[in-house]
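Since the structure comes first, as structure tokens, the remarks are kept for the end.
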Amino acid sequence: MITIVDLGMGNLRSVENALKKVAPDQTIKVSSNEQHIYDAERVVLPGQGAIGTWFQTFRKLSLSAALEDAIKNKPLLGICIGQQAMFEHCDEDGGVMGLGLFKGQVRHFKQFHSRSANLKTPQMGWNQVNQTQAHPLWKGIPDQTWFYFVHSFCANAEHAADIYGETDYGHNFTAAVGKKNLFAVQFHPEKSQHAGLQLLNNFTQWDGTV
């Protein structure tokens, strides 16, 4: 079973439908029930919107223990805010402490863009990802492939060993991050057509080793 953690935000059904397309023989469940996270073989941590609301809902549902179990014991994929939440801190909503799984900060693009760059925020649309390291989730996906992004805040990982993808939007930011059984992306694979489906298909077969 693959459990998509339901925090009431983002394209949950789009993620569900994409996973059902690439893994029709697996059980895909969208749930905020901690037992469904414990029971899952793989967990997806999505999110779209404001990270402060994301964490408020996370705490309200008392999912910390179940997520900690997933972090330690099973393949886990973070998407968008699900990626940002894995870092130490995010500047959004007055500043929010993250899960601290990766060293680094999540900051607004305006801190990096010069006025002359003339780049709109949020970044909304297609952009290329430079694969900085090989990973099982990149299988069948060429380097510099285009993925779909929607975000105003971007992660900046401190350790190069954690970075698996980077994207330039007036600033070179961390588009994919990973270690051991964790992998997370800023872009939306469920909106990224063939390449996104390939990444999700890779995740459904990934055993959590690199």
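Before moving on, here are some points about what is shown:
- Here Ala65, Ala50 are screened, and the one residue that is surrounded by fewer than 19 Cβ atoms within 10 Å (Cβ to Cβ), over 25 Å from Leu137 (Cα atoms), modelled with pLDDT of 90 or more and not β-branched (Val, Ile, Thr) is Ala65.
- If you go through the range 7-52 and keep only what is among the β-branched types (Val, Ile, Thr), farther than 17 Å from Gly196 by Cβ, in contact (Cβ under 8 Å) with a residue 40 or more places away in the chain and assigned to a helix (DSSP H, G or I), you end up with just Ile51.
- Within the range 178-193, tally of residues that are farther than 11 Å from Phe147 by Cβ and either in contact with an Asp or Glu (Cβ under 6 Å, 6 or more places away or on another chain) or part of a helix (DSSP H, G or I) (or both): 1
- Every residue from the range 53-85 that is out of contact with any Pro (no Cβ under 9 Å at 6 or more places or on another chain), part of a helix (DSSP H, G or I) and of a type in the set (A, V, I, L, M): Ala65, Ala66, Leu67, Ala70, Ile71
- Each residue in the range 140-170 was checked for being outside any strand (DSSP E or B) and on the phi < 0 side of the Ramachandran plot, and 10 of them qualify.
- First in the range 90-101 and among the hydrophobic types (A, V, I, L, M, F, W, C), second anywhere and in a helix (DSSP H, G or I), Cβ under 7 Å, 6 or more apart: Cys90/Ile51; Cys90/Gln84; Val96/Ile51; Val96/Gly52; Val96/Phe55; Leu101/Ile71
- Residue count for the range 135-152, restricted to those that are crowded, with 23+ Cβ neighbours inside 10 Å and touching a residue at least 40 places away in the same chain (Cβ under 8 Å): 3
- Of Thr132, Thr121, Thr174, all but one fail to be crowded, with 21+ Cβ neighbours inside 10 Å and touching a residue at least 24 places away in the same chain (Cβ under 8 Å); the exception is Thr174.
The values are calculated or read from the model by the stated rules, or taken from the named source; none is laboratory data. Source: prediction; values computed, not measured. Don't worry about glycine lacking a Cβ; one is built from the backbone with ideal geometry, like all the others, and counts go over all protein chains shown.
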